[in-house]
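The values are calculated or read from the model by the stated rules, or taken from the named source; none is laboratory data. Owing to the predicted nature of the structure, the values given are computational and were not obtained by experimental measurement. Don't worry about glycine lacking a Cβ; one is built from the backbone with ideal geometry, like all the others, and counts go over all protein chains shown.
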Amino acid sequence: MKALFIGGTGNISSACSKLALDRGVELYLLNRGQSLRPLPEGARVINADIRDPNAAREALGSLRFDVVADFIAFTPQHIETDLQLFRGRTGQYIFISSASAYQTPPATLPVTEAAILDNPVWQYSRDKAACEERLLRAYREEKFPFTIVRPSHTYSEVYVPVHGNWTTIDRMLRGLPVVVHGDGTSLWTLTHSSDFAKGFVGLLGSSRAIGEAYHITSDEWLTWNQIHEILAAAVGVQPRLVHVPSDLIAAYDPIWGESLLGDKAHSFILDNSKIKRVVPDFVCTTPFSRGAEEIIAWHRADPARQKVDENFNAICERILSAYAKAWHEK
């Protein structure tokens, strides 16, 4: 199988690249060569910026692929570029969408792929839904062979999957209070990138997947309290969790608030039956307790990775001060 990954060195795509190569895929990566992650051994690299269609077309030359997967398409215009570049050049085009595009908050749990795409808050999610709509139209009008993959909250050892990244861990280590949205009991799913890759690579070249959408997530459901407590256990401390309404967080940090009100503030778990029917060997084997240990080990291996965002610290202190004041006045 001959595949092209657009990106291929990111949080999700690195694991997909490695597994594809391990399974004998002839893998090409189209990227700018600026990733902090090393290029996977065995991949053939095409250095070009997909945002420059003429340069990408020239770099691709006459190459054709069994599969093209775009990990860095975020808007319908990005899809238009891909349609121009890959019509007649691939037997399958995989778009990495997002589970956050589903109805928010969800009407029923667990969420299946039949749920409508309707996120009234988060522009990122609405753009992903618009990308899906464009691909569906391309399928209807010209039988463009798309497959849609919707990751949820996928992490790797380089990414601390809570807002603030390592800064939140640093606050725990220093005994400072950590902001947790709501009361911390809403349910959430975290998926290790190596587990996501099993489902994703299983879709490569699958005729059953053409014209279909799949989410790929773990079946481990955790509360946000548990997520923070597991991270704290991995660094050997007891966390000081302070529960703050998502609306208040949004008032002090609109970007953080958008990701909460448009996604993480609500319980959100997904039914993975569909991907398991098409990829029978898909099973997640990395619990977050082990994933958290990998995250901490990777960051501790090099102090330069332990980056502290003082702006985020300042926002946390303002939120905590406002919340404490509200309680005092009450």
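Conditions (1) without any contact (Cβ under 8 Å) to a residue 24 or more places away in the chain; (2) within 20 Å of residue 81 (Cα to Cα); (3) touching a Gly at 6+ places or on another chain (Cβ under 7 Å), marked per residue:
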| position | (1), (2), (3) |
| --- | --- |
| 5 | no, yes, no |
| 18 | no, no, no |
| 49 | yes, yes, no |
| 59 | no, yes, no |
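Scanning region 273-303 for residues that are among the hydroxyl-bearing types (Ser, Thr, Tyr) and surrounded by 13 or more Cβ atoms within 10 Å (Cβ to Cβ) yields 286, 289. Cβ-Cβ contacts under 7 Å between residues 6 or more apart (or on different chains), taken from a first residue in region 131-155 that is loosely packed, with under 15 Cβ neighbours inside 10 Å to a second residue that is in a helix (DSSP H, G or I) and not polar (S, T, N, Q), are absent. Selection of first residues in region 80-98 that are over 15 Å from residue 66 (Cβ atoms) and of second residues that are of a type in the set (Lys, Arg) and not in a loop (DSSP other than H, G, I, E, B), restricted to Cβ pairs under 7 Å at least 6 apart or on distinct chains, gives the following pairs, ordered by first then second residue: 85/57; 97/128; 97/150; 98/128; 98/150.
Okay, residues lined up against (1) under 19 Å from the mean Cα position of the chain (by Cα); (2) of a type outside the set (S, T, N, Q); (3) not assigned by TED's automatic domain parsing to the domain that holds residue 16:
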| position | (1), (2), (3) |
| --- | --- |
| 82 | no, yes, no |
| 87 | no, yes, no |
| 90 | no, no, no |
| 100 | yes, no, no |
| 113 | yes, yes, no |
| 116 | no, yes, no |
| 119 | yes, no, no |
| 128 | yes, yes, no |
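Within region 116-128, residues that are over 21 Å from residue 78 (Cβ atoms) sit with their Cβ atoms under 6 Å from residues that are assigned to a loop (DSSP other than H, G, I, E, B), at 6+ positions apart or across chains, in these pairs: 116/103; 118/103. Within region 169-189, one or more residues are out of contact with any strand residue (DSSP E or B) (no Cβ under 9 Å at 6 or more places or on another chain), of a type in the set (Asp, Glu) and assigned to a helix (DSSP H, G or I). Looking at 236, 257, 262, which one is without any contact (Cβ under 8 Å) to a residue 40 or more places away in the chain and crowded, with 16+ Cβ neighbours inside 10 Å? Result: 257 is the single residue among 236, 257, 262 that is without any contact (Cβ under 8 Å) to a residue 40 or more places away in the chain and crowded, with 16+ Cβ neighbours inside 10 Å.
So, restricting to helices (runs of 4 or more DSSP H) that lie completely within region 1-103, which ones have at least 2 residues that are small (Gly, Ala, Ser), closer than 29 Å to residue 299 by Cα and out of contact with any Lys or Arg (no Cβ under 9 Å at 6 or more places or on another chain)?
13-22
Number of residues in region 251-285 that are under 21 Å from residue 194 (Cα atoms), touching a Lys or Arg at 6+ places or on another chain (Cβ under 6 Å) and assigned to a helix (DSSP H, G or I) equals 1. What about residue 156, is it farther than 30 Å from residue 313 by Cβ, within 22 Å of the chain's Cα centre (by Cα) and at pLDDT 95 or above? Against the criterion (farther than 30 Å from residue 313 by Cβ, within 22 Å of the chain's Cα centre (by Cα) and at pLDDT 95 or above), residue 156 does not qualify.
What do you reckon, is residue 231 outside any strand (DSSP E or B) and either surrounded by fewer than 19 Cβ atoms within 10 Å (Cβ to Cβ) or hydroxyl-bearing (Ser, Thr, Tyr) (or both)? Spelling it out, it is not the case that residue 231 is outside any strand (DSSP E or B) and either surrounded by fewer than 19 Cβ atoms within 10 Å (Cβ to Cβ) or hydroxyl-bearing (Ser, Thr, Tyr) (or both). Among the residues in region 218-235, are any over 30 Å from residue 302 (Cα atoms), at pLDDT 95 or above and of a type in the set (Phe, Trp, Tyr)? Yes, region 218-235 contains at least one residue that is over 30 Å from residue 302 (Cα atoms), at pLDDT 95 or above and of a type in the set (Phe, Trp, Tyr). For region 304-325, the set of residues classified as assigned to a loop (DSSP other than H, G, I, E, B) and surrounded by 13 or more Cβ atoms within 10 Å (Cβ to Cβ) consists of 306, 308, 309, listed by residue number. For region 286-303, the set of residues classified as assigned to a loop (DSSP other than H, G, I, E, B), touching a residue at least 60 places away in the same chain (Cβ under 8 Å) and out of contact with any helix residue (DSSP H, G or I) (no Cβ under 6 Å at 6 or more places or on another chain) consists of 287 only.
Only one of the listed residues (45, 111, 68) is over 30 Å from residue 188 (Cβ atoms) and modelled with pLDDT of 95 or more. That residue is 68.
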